[in-house]
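A.B. asks: Please read through the structure below; I'll follow up with questions.
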2 protein chains.
Amino acid sequence: MPLSTPNFSFQVEARSATTHARTGVFRTPHGDVPTPAFMPVGTRGSIKGVMPREVREAGATMILANTLHLALRPGPEIVRQLGGLHRVMDWPGPILTDSGGYQVFSMADVSKVREDGVTFRSVVDGSAMHLTPERAMEIQCDLGADVIMAFDQLPADPLNHEQVRIATERTHRWLDRCVTRWQQLGGVDRGQALFGIVQGGCFEDLRRESVAAITRHDLVGYAVGGISVGEGREAIREAFAITTPLLPEGKPRYLMGIGTPVDFFDAVAQGADLFDCVTPTRHGRNHQAYTSRGKVNVRNLAWATEAGPLDPECACPACTRYPAGALRHLCTVGEMLGGTLISIHNLYFFHSLLARIREAVAQDRLAELRAEVLPRVEARYKPEPSAP
Amino acid sequence: MPLSTPNFSFQVEARSATTHARTGVFRTPHGDVPTPAFMPVGTRGSIKGVMPREVREAGATMILANTLHLALRPGPEIVRQLGGLHRVMDWPGPILTDSGGYQVFSMADVSKVREDGVTFRSVVDGSAMHLTPERAMEIQCDLGADVIMAFDQLPADPLNHEQVRIATERTHRWLDRCVTRWQQLGGVDRGQALFGIVQGGCFEDLRRESVAAITRHDLVGYAVGGISVGEGREAIREAFAITTPLLPEGKPRYLMGIGTPVDFFDAVAQGADLFDCVTPTRHGRNHQAYTSRGKVNVRNLAWATEAGPLDPECACPACTRYPAGALRHLCTVGEMLGGTLISIHNLYFFHSLLARIREAVAQDRLAELRAEVLPRVEARYKPEPSAP
């Protein structure tokens with residue numbers, strides 16, 4: 001049975017001559033994704049606090065949901081009975097589910113990792129649960145996302161070569177089991193594509209071995225995982241830099257858990273196509289805004305009397321329809337709508353930045369855009385105090 | 001100086017032959033309000049958790065904001081500097097502000113009521129504050145709503161005739177002072193209309209006296225206040241029934257703090273035109289939905305596997321875009337979007353009901369609509385458990 005299919009395709013459209021950056025289109029049964037693309041995260045079935053049409057209008061094409069959270073509540077069978085994740089999330093576009101592996105290893109109280117799978121305690125009610133590669137496939141088939149992810153093991157100590165080797169080799173065996181179970185369940189003919197996840201921590205030899213092992217399966221796409229569990233920024237950047245260019249040219253490359261504006265520039269230059277992170281909405285709920293003038297704490301007193309927009313270069317409803325002082329007020333008094341509006345703003349900011357990155361890659365001037373954008377965007381900004 | 005103006009007008013369009021009910025159009029500088037109309041409440045500058053365009057699409061034409069809350073934070077001067085309440089709330093349509101009187105008497109720790117005004121402790125930081133009829137006008141002029149309310153005194157014990165008499169007569173003197181200060185500030189030429197508030201608690205003699213005293217001022221509209229501070233439903237209904245038909249035919253009549261579907265039918269039959277209440281959004285945040293089949297606790301397990309809509313007769317995004325089971329999931333796990341979607345649903349329900357009431361009044365069949373709608377709407381509803 002084939003592992004890839006005409007239901008899904010990836011077309012590289014433009015390539016940088018000087019870096020690994022490229023633009024392309026990832027076609028899925030629920031629509032096309034111009035890449036490089038950022039996927040907002042709808043952990044438990046919603047992009048927190050934001051109506052789906054606001055997410056769409058911000059420029060999102062594909063979103064992500066977390067398998068472990070949805071497997072605990074409402075449960076995969078219920079999602080299937082309700083018509084699948086596209087109906088449950090009111091998202092007619094492409095959706096990707098992670099495998100639950102990251103959440104199990106980073107959040108849950110893992111009691112036992114064996115060759116068979118992982119035993120852990122539910123974050124909801126503390127009950128003992130068991131997750132295996134086969135079960136991760138079954139759950140994700142029930143959830144019904146377009147792209148489902150293989151179940152991988154994150155090493156407990158990403159700087160211990162022996163531990164990383166054991167976890168990486170187990171991840172390879174688990175991918176074999178994922179592929180077998182997924183094919184039994186219908187494989188790509190279900191309209192779902194399986195992505196493999198490259199492991200290897202921060203070790204170049206293990207990363208290379210992992211790329212070779214994972215790409216033995218001719219899957220629709222590949223992800224780089226096992227990152228951001230405490231390695232530090234430089235180690236992450238290096239691991240991605242090693243791994244990403246080794247992945248097949250003609251397949252989408254997904255860097256999991258990325259990120260921030262500087263991460264996007266790094267990752268795109270390394271040849272990555274897809275990213276996801278909770279940053280826009282988590283920061284939004286905490287009233288931290290990314291803007292063209294720099295990072296902003298919306299609750300700062302300096303905004304109190306600002307009748308102009310939070311970001312004069314932004315097309316979002318928070319910036320085009322509200323004085324910045326009104327946003328500051330809503331955030332300060334704790335109105336829900338404050339966090340919602342800043343979340344929407346951050347989504348617009350991220351998706352607009354990705355649109356500019358795609359344009360820059362097509363013109364092979366990503367470095368220029370980076371030099372133009374990053375110094376301001378990654379700095380802090382607040383307005384001058386207005387006259388009393 | 002005139003107290004009413006061509007900036008504002010009220011046109012009665014249809015009258016019931018059998019009750020005091022009527023339909024009309026209340027024209028304001030920011031747009032027309034077909035009456036009877038329900039005004040959603042944006043206490044601190046936002047309809048809690050709901051984007052303004054969702055409020056508009058639900059059918060709201062006019063909204064309300066609370067003077068006391070906005071006077072405390074961000075403060076009237078800041079609202080004015082930010083361009084006024086229409087800009088701060090992103091609501092280009094008509095807005096009404098209450099006077100702060102209700103909040104002061106019902107929420108705050110009132111230390112002293114004197115002829116001059118009220119001394120109370122701020123609900124934000126406990127500091128001592130003083131509110132007078134003049135100050136209530138100044139604050140509301142800064143906020144800049146289309147309709148502003150006179151400052152009234154709510155009696156501490158609405159069932160004690162002597163106490164109610166003292167508060168009612170003071171309210172009349174306070175209205176004189178409101179009118180004087182408001183005219184000094186520009187009056188109707190500012191594009192703001194002052195409504196007087198009839199007091200008198202549950203006593204017919206005091207209600208009649210209050211109507212006579214308040215309507216000595218030829219204001220743009222009149223409100224019935226001093227209700228729902230513990231009198232009980234029957235007393236409220238009776239006080240409204242006494243007062244409302246006594247108010248001038250050609251002016252809009254606003255029943256403050258109303259209500260629920262049964263309240264709307266009662267009040268409209270008594271000749272009321274405008275209402276406000278936090279019901280749709282407060283119940284929404286608590287996951288209680290008004291539906292055509294009855295009141296629903298969305299978190300009830302009976303909804304878990306319901307793939308159909310929460311209310312098959314509703315045109316709101318929650319009902320047309322989500323399986324009811326998905327709404328139940330979002331509410332159960334505590335996703336913000338759950339409360340937002342149920343709030344939006346309730347706003348659609350209330351505004352659709354008012355639209356049907358307007359149509360019924362025009363056809364003089366309000367009693368028929370009431371008999372058709374209320375028995376179901378005010379009952380509890382949950383679906384049959386689905387097959388396992």
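The values are calculated or read from the model by the stated rules, or taken from the named source; none is laboratory data. Here the structure is a predicted model, which is why all the values come from computation and not from measurement. Please note: Cβ atoms are built from the backbone with ideal geometry, for glycine as well, and neighbour counts cover all protein chains shown.
A.B. asks: Exactly one condition in (1) closer than 19 Å to residue A:332 by Cβ; (2) surrounded by 21 or more Cβ atoms within 10 Å (Cβ to Cβ); (3) touching a His at 6+ places or on another chain (Cβ under 9 Å) is not met by residue B:91; state its number.
C.D. replies: Residue B:91 satisfies every listed condition except (1).
A.B. asks: Could you please find all residues in the range A:148-199 being small (Gly, Ala, Ser) and in a helix (DSSP H, G or I)?
C.D. replies: Residues of the range A:148-199 small (Gly, Ala, Ser): A:150, A:156, A:167, A:186-187, A:191, A:193, A:196.
Scanning the range A:148-199 gives A:167, A:187.
A.B. asks: Could you identify the single residue in B:109, B:142 that is buried (at least 19 other Cβ atoms within 10 Å of the Cβ), under 23 Å from residue B:44 (Cα atoms) and assigned by TED's automatic domain parsing to the domain that holds residue B:77?
C.D. replies: Numbers: B:109 fails: buried (at least 19 other Cβ atoms within 10 Å of the Cβ).
It is B:142.
A.B. asks: Has the range A:256-279 got at least one residue that is within 14 Å of chain B (Cβ to nearest Cβ), over 23 Å from the mean Cα position of the chain (by Cα) and not in a helix (DSSP H, G or I)?
C.D. replies: From the range A:256-279, those within 14 Å of chain B (Cβ to nearest Cβ) are A:278; that's our starting set.
Those still in the list that are over 23 Å from the mean Cα position of the chain (by Cα) too: none.
So far as the range A:256-279 goes, no, none of its residues is within 14 Å of chain B (Cβ to nearest Cβ), over 23 Å from the mean Cα position of the chain (by Cα) and not in a helix (DSSP H, G or I).
A.B. asks: Still on this structure, please answer the following. For the structure I just gave you, tell me whether residue A:85 is surrounded by 19 or more Cβ atoms within 10 Å (Cβ to Cβ), out of contact with any helix residue (DSSP H, G or I) (no Cβ under 8 Å at 6 or more places or on another chain) and not polar (S, T, N, Q). Lay out the reasoning, then the answer.
C.D. replies: Details: surrounded by 19 or more Cβ atoms within 10 Å (Cβ to Cβ): yes; out of contact with any helix residue (DSSP H, G or I) (no Cβ under 8 Å at 6 or more places or on another chain): no; not polar (S, T, N, Q): yes.
Spelling it out, it is not the case that residue A:85 is surrounded by 19 or more Cβ atoms within 10 Å (Cβ to Cβ), out of contact with any helix residue (DSSP H, G or I) (no Cβ under 8 Å at 6 or more places or on another chain) and not polar (S, T, N, Q).
A.B. asks: Quick one: would you say residue B:175 is closer than 12 Å to residue B:141 by Cβ, crowded, with 24+ Cβ neighbours inside 10 Å and in the same structural domain as residue B:152 (by TED's automatic domain parsing)? Steps first, answer last, please.
C.D. replies: Details: closer than 12 Å to residue B:141 by Cβ: no; crowded, with 24+ Cβ neighbours inside 10 Å: yes; in the same structural domain as residue B:152 (by TED's automatic domain parsing): yes.
No: the conditions fail for residue B:175.
A.B. asks: Sort through B:294, B:308 and tell me the only one that's within 13 Å of chain A (Cβ to nearest Cβ), under 28 Å from residue B:335 (Cβ atoms) and of a type in the set (Gly, Ala, Ser). So that I can check it myself, show each step before the final result.
C.D. replies: Numbers: B:294 fails: within 13 Å of chain A (Cβ to nearest Cβ).
Matching residue, one of B:294, B:308: B:308.
A.B. asks: Filter the range A:203-226 for residues that are assigned to a loop (DSSP other than H, G, I, E, B) and out of contact with any Phe, Trp or Tyr (no Cβ under 8 Å at 6 or more places or on another chain) and give the result. Step through it out loud before you land on a result.
C.D. replies: Step one: filter the range A:203-226 for residues assigned to a loop (DSSP other than H, G, I, E, B), giving A:203, A:215-220, A:225-226.
Residues satisfying the conditions are A:203, A:216, A:217, A:218, A:226.
A.B. asks: A further question on this structure: Say whether the condition of being touching a residue at least 60 places away in the same chain (Cβ under 8 Å), outside any helix (DSSP H, G or I), of a type outside the set (A, V, I, L, M, F, W, C) and away from every other protein chain (no Cβ under 14 Å) is met by at least one residue in the range B:354-362.
C.D. replies: Step one: list which residues in the range B:354-362 are touching a residue at least 60 places away in the same chain (Cβ under 8 Å), which gives B:354-355, B:357-358, B:361-362.
This time we only want the ones that are outside any helix (DSSP H, G or I), so: none.
No, the range B:354-362 contains no residue that is touching a residue at least 60 places away in the same chain (Cβ under 8 Å), outside any helix (DSSP H, G or I), of a type outside the set (A, V, I, L, M, F, W, C) and away from every other protein chain (no Cβ under 14 Å).
A.B. asks: Still on this structure: Can you find a residue in the range A:297-309 that is more than 30 Å from residue A:381 (Cβ to Cβ) and either out of contact with any strand residue (DSSP E or B) (no Cβ under 6 Å at 6 or more places or on another chain) or among the aliphatic types (A, V, I, L, M) (or both)?
C.D. replies: We begin by selecting, within the range A:297-309, every residue more than 30 Å from residue A:381 (Cβ to Cβ); these are none.
No, the range A:297-309 contains no residue that is more than 30 Å from residue A:381 (Cβ to Cβ) and either out of contact with any strand residue (DSSP E or B) (no Cβ under 6 Å at 6 or more places or on another chain) or among the aliphatic types (A, V, I, L, M) (or both).
A.B. asks: Helices (runs of 4 or more DSSP H) wholly in the range B:50-100 with at least 2 residues that are in the same structural domain as residue B:194 (by TED's automatic domain parsing), at pLDDT 95 or above and among the β-branched types (Val, Ile, Thr) - which ones? Break it down stepwise before answering.
C.D. replies: Details: elements: B:52-57, B:67-72, B:76-81, B:85-88.
In the range B:50-100, B:76-81 are the helices (runs of 4 or more DSSP H) which contain 2 or more residues that are in the same structural domain as residue B:194 (by TED's automatic domain parsing), at pLDDT 95 or above and among the β-branched types (Val, Ile, Thr).
A.B. asks: Go over the candidates B:325, B:338 one by one and state the one that is assigned by TED's automatic domain parsing to the domain that holds residue B:308 and in contact with a Phe, Trp or Tyr (Cβ under 8 Å, 6 or more places away or on another chain).
C.D. replies: Numbers: B:338 fails: in contact with a Phe, Trp or Tyr (Cβ under 8 Å, 6 or more places away or on another chain).
Being assigned by TED's automatic domain parsing to the domain that holds residue B:308 and in contact with a Phe, Trp or Tyr (Cβ under 8 Å, 6 or more places away or on another chain) holds for just one of B:325, B:338, which is B:325.
A.B. asks: Return the total of residues in the range B:45-68 being surrounded by 21 or more Cβ atoms within 10 Å (Cβ to Cβ), within 9 Å of another protein chain (Cβ to nearest Cβ) and free of Cβ contacts under 8 Å to residues at least 60 places away in the same chain.
C.D. replies: So the answer is 4.
A.B. asks: Also, I was wondering about something else. If we keep just the residues of the range A:112-129 that are of a type outside the set (A, V, I, L, M) and part of a loop (DSSP other than H, G, I, E, B), which is surrounded by the most Cβ atoms within 10 Å (Cβ to Cβ)?
C.D. replies: If we filter the range A:112-129 for residues that are of a type outside the set (A, V, I, L, M), which is where we start, we get A:112, A:114-117, A:119-122, A:125-127.
This time we only want the ones that are part of a loop (DSSP other than H, G, I, E, B), so: A:114-117, A:122, A:125-127.
Numbers: A:114: 10, A:115: 9, A:116: 13, A:117: 20, A:122: 15, A:125: 9, A:126: 9, A:127: 9.
For the range A:112-129, the residue satisfying everything is A:117.
A.B. asks: In addition: Those residues that are touching a residue at least 40 places away in the same chain (Cβ under 8 Å), of a type in the set (Ser, Thr, Tyr) and closer than 22 Å to residue B:59 by Cα, I need them from the range B:285-337; list them, please.
C.D. replies: B:290, B:291, B:292
A.B. asks: Looking at the range A:323-337, is at least one residue under 21 Å from residue B:80 (Cβ atoms), touching a helix residue (DSSP H, G or I) at 6+ places or on another chain (Cβ under 7 Å), at pLDDT 95 or above and of a type in the set (Asp, Glu)?
C.D. replies: Among the residues of the range A:323-337, not one is under 21 Å from residue B:80 (Cβ atoms), touching a helix residue (DSSP H, G or I) at 6+ places or on another chain (Cβ under 7 Å), at pLDDT 95 or above and of a type in the set (Asp, Glu), which makes the answer no.
A.B. asks: Out of the residues in the range A:1-16 that are modelled with pLDDT under 95 and surrounded by fewer than 16 Cβ atoms within 10 Å (Cβ to Cβ), which is nearest to the chain's Cα centre (by Cα)?
C.D. replies: By that ranking, first place goes to A:6.
A.B. asks: Continuing with the same structure: May I ask you to say which residue of A:173, A:181 is closer than 29 Å to residue A:7 by Cβ and in contact with a helix residue (DSSP H, G or I) (Cβ under 6 Å, 6 or more places away or on another chain)? If you could, list the steps in order and put the result at the bottom.
C.D. replies: Details: A:173 fails: in contact with a helix residue (DSSP H, G or I) (Cβ under 6 Å, 6 or more places away or on another chain).
Going through A:173, A:181 in turn, just one is closer than 29 Å to residue A:7 by Cβ and in contact with a helix residue (DSSP H, G or I) (Cβ under 6 Å, 6 or more places away or on another chain): A:181.
A.B. asks: Sticking with this structure for a sec: Do you know which residues across the range A:308-320 are surrounded by fewer than 17 Cβ atoms within 10 Å (Cβ to Cβ) and either at positive phi or of a type outside the set (Val, Ile, Thr) (or both)? Please lay out each step first, then the result.
C.D. replies: First, pick out the residues of the range A:308-320 that are surrounded by fewer than 17 Cβ atoms within 10 Å (Cβ to Cβ): A:308, A:312-313, A:315, A:320.
Residues satisfying the conditions are A:308, A:312, A:313, A:315.
Results for (1) at pLDDT below 95; (2) within 30 Å of residue A:375 (Cβ to Cβ); (3) among the acidic types (Asp, Glu); (4) assigned by TED's automatic domain parsing to the domain that holds residue A:290, shown as yes or no for each residue.
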| position | (1), (2), (3), (4) |
| --- | --- |
| A:161 | yes, no, no, no |
| A:167 | yes, no, no, no |
| A:185 | no, no, no, no |
| A:202 | yes, yes, no, no |
| A:210 | no, no, no, no |
| A:254 | no, yes, no, no |
| A:260 | yes, yes, no, no |
| A:263 | yes, yes, yes, no |
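A.B. asks: Same structure, new question: If residue B:82 satisfies every condition in (1) out of contact with any Asp or Glu (no Cβ under 7 Å at 6 or more places or on another chain); (2) facing chain A (nearest Cβ under 8 Å); (3) in contact (Cβ under 8 Å) with a residue 12 or more places away in the chain but one, which is the exception?
C.D. replies: Against the list (1) out of contact with any Asp or Glu (no Cβ under 7 Å at 6 or more places or on another chain); (2) facing chain A (nearest Cβ under 8 Å); (3) in contact (Cβ under 8 Å) with a residue 12 or more places away in the chain, residue B:82 comes up short only on (3).
A.B. asks: Let me ask something additional. Return the total of residues in the range A:311-333 being within 9 Å of chain B (Cβ to nearest Cβ) and not in a helix (DSSP H, G or I). Working first, answer last.
C.D. replies: To start, the set of residues in the range A:311-333 that are within 9 Å of chain B (Cβ to nearest Cβ) comprises A:317, A:321-326, A:328-330, A:332-333.
Restricting the remaining residues to those that are not in a helix (DSSP H, G or I) gives A:322-323.
Total satisfying the criteria: 2.
A.B. asks: Next question. Which residues, taken from the range B:1-44, are among the hydroxyl-bearing types (Ser, Thr, Tyr) and within 14 Å of chain A (Cβ to nearest Cβ)?
C.D. replies: Step one: list which residues in the range B:1-44 are among the hydroxyl-bearing types (Ser, Thr, Tyr), which gives B:4-5, B:9, B:16, B:18-19, B:23, B:28, B:35, B:43.
Passing the criteria: only B:43.
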